[in-house]
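*Asks:* Could you have a look at this structure, given as structure tokens, before my questions?
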Amino acid sequence: MSKERLTFEFCDRLVEDFEKVIDHPIVGKSSVYYTGVDLGTACVVLAVLDENYRPAAGAYRYADVVRDGMVVDYIGAVNIVREMKRELEEKLGTVLTFAAAAIPPGTETIDSGAVKNVVQAAGFEITNLLDEPTAANEVLKMQNGAVVDIGGGTTGISILKDGKVDYVEDEPTGGTHFSLVIAGAYKLPFADADLYKRNPKNHKELLPVLKPVIEKISSIITRHVSGYDVREISLVGGTACLAGIEEIIEKKTGIYTHKPKNPLFVTPLGIALSCTQEIMD
């Protein structure tokens, strides 16, 4: 297996371009637009790419419609996606037709239908449904190693060999657990603890408080990569935004661990990159 480590040049450039179009959409003459719908536990993201699969527009909204990777508020999820779709359509002056979506690994039989139905009920024609860490790798372009998507409710792991998925799994534990620990340690309501966690200025202070949860995530990773020749871990997902999380995971797993500049938008962009004009059955 190659020892060459992944660089995030393509990923960071794509994410940077996407961050720009969230505030300043590119209104042009694209013949078609491809949308990635990411129904996260903490955040719902819509990433819109043009016909050349370049960022054209985007929106995100913190919401509580998904827990531990499962849709728990179907109507709320539909309304949020529909509202964001309408908002982006007004900005672009067009109708967004095609969308892809993603689910945590291992939930295909119990939640894939709910996610698909949410996207369709919001007015999209769904063209693809894939697991989250695999979607993230559409942006990362990892050939060998593990992509670890640390979301709000779960940690998803995708092991790649020669650019192809060799193993994929998902377990509870993510950003929600961080917020619960912060709420207990600081005696804050959960919502306030969640906001406190999102502020990068608080990350250095919070890192030792959250270390036990990060070590649990590290143990999950270690267990799932056992038996595979994994020499590199790439972190994505909103929870991976915590400054210093990669250092604790690397120390605990013994595997080189790094992350893009902004891990939050990697998965939704990967979902959008997997979107086509071929409608799913």
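The values are calculated or read from the model by the stated rules, or taken from the named source; none is laboratory data. Note that the structure is predicted; figures quoted are calculated from it, not measured. FYI the Cβ positions are ideal-geometry reconstructions off the backbone, even for glycines, and counts take in every protein chain you see. Remember, those area values only see protein heavy atoms, side chains included, never the ligands or the DNA or RNA. Shrake-Rupley method; radii C 1.70, N 1.55, O 1.52, S 1.80 Å.
*Asks:* Hey, got a sec? Which trypsin sites (Lys or Arg not before Pro) in the range 19-115 land in a DSSP loop and have at most 10 other Cβ atoms within 10 Å?
*Replies:* Here the sparse-neighbourhood loop sites are K29.
*Asks:* Also, I was wondering about something else. Pick from T134, T94, T239: which residue has the top mean-square fluctuation in a GNM of the chain where Cα pairs under 10 Å get a spring?
*Replies:* T94
*Asks:* Using a Gaussian network model on the chain with a 10 Å cutoff between Cα atoms, which of N262, N137, N199 fluctuates the most?
*Replies:* Highest fluctuation of the listed residues: N199.
*Asks:* Send over the Kirkwood Rh of the range 1-100, from the inverse of the averaged 1/r over different Cα pairs, rounded to one decimal Å.
*Replies:* This gives a value of 14.6 Å.
*Asks:* On C-alpha positions alone, give me the angle between the axis of helix 9-23 and the longest principal axis of the chain, in degrees, nearest 10.
*Replies:* 50
*Asks:* Any idea what the relative contact order of the chain is, in percent, if you count C-alpha pairs under 8 Å spaced at least 6 apart?
*Replies:* In percent, rounded to a whole number, it is 21.
*Asks:* Which value, in debye to the nearest 20, describes the size of the charge dipole of the range 159-281 about its Cα centre when Lys and Arg Cβ atoms bear +1, Asp and Glu Cβ atoms bear -1, and nothing else is charged?
*Replies:* Here the range 159-281 has a charge dipole of around 620 debye.
*Asks:* Counting only protein heavy atoms, what percent of the accessible surface of the range 134-177 is carbon or sulfur at a 1.4 Å probe?
*Replies:* It is 44 percent, rounded to a whole number.
*Asks:* Another one. Once Rh is set to the Kirkwood radius over Cα pairs, what Stokes-Einstein translational diffusion coefficient, in µm²/s, holds for the range 43-178 at a temperature of 37 °C and a viscosity of 0.692 mPa s?
*Replies:* 209
*Asks:* For K20, give me every one of the lysines with a C-alpha distance below 30 angstrom, ignoring sequence neighbours fewer than eight places off in its own chain.
*Replies:* K29, K85, K91, K116, K141, K197, K201, K204, K259, K261
*Asks:* Can you work out D for the range 205-281 in µm² s⁻¹ from Stokes-Einstein, where Rh is the Kirkwood radius over C-alpha pairs, the temperature is 10 °C and the viscosity is 1.306 mPa s?
*Replies:* For the chosen part, D equals 113 µm²/s.
*Asks:* Once you compute Rg and the Kirkwood Rh from C-alpha atoms, what is the Rg to Rh ratio for the chain?
*Replies:* Ratio of gyration radius to Kirkwood radius for the chain: 0.95.
*Asks:* Please determine, in degrees from 0 to 90 and to the nearest 10, the orientation of helix 175-186 with respect to the longest principal axis defined by the Cα atoms of the chain, where the helix direction is its Cα long axis.
*Replies:* Taking the Cα atoms of the chain, the angle to 175-186 is about 60 degrees.
*Asks:* Also, quick follow-up: Add -39500 (n - 2.57) for each DSSP H run of 4 or more in the chain, then divide by its residues: what number comes out at 222 nm, to the nearest 500 deg cm²/dmol?
*Replies:* -13500 deg cm²/dmol
*Asks:* Cα atoms only, the range 122-183: Rg and Dmax in Å?
*Replies:* Spelled out, the Cα radius of gyration and Dmax of the range 122-183 are 14.0, 42 Å.
*Asks:* Over all directions, how big on average is the projection of the convex hull of the alpha-carbon atoms in the range 124-272, in square nanometres?
*Replies:* In nm², the orientation-averaged hull projection of the range 124-272 is 9.0.
*Asks:* The range 147-170 to the range 10-61: how many Å between their Cα centroids?
*Replies:* The range 147-170 and the range 10-61 have Cα centres separated by 22 Å.
*Asks:* Still on this structure, please answer the following. Which of the chymotrypsin sites (Phe, Trp or Tyr not before Pro) found in the range 32-67 are loop residues per DSSP with 16 or fewer other Cβ atoms within 10 Å of their Cβ?
*Replies:* Y53
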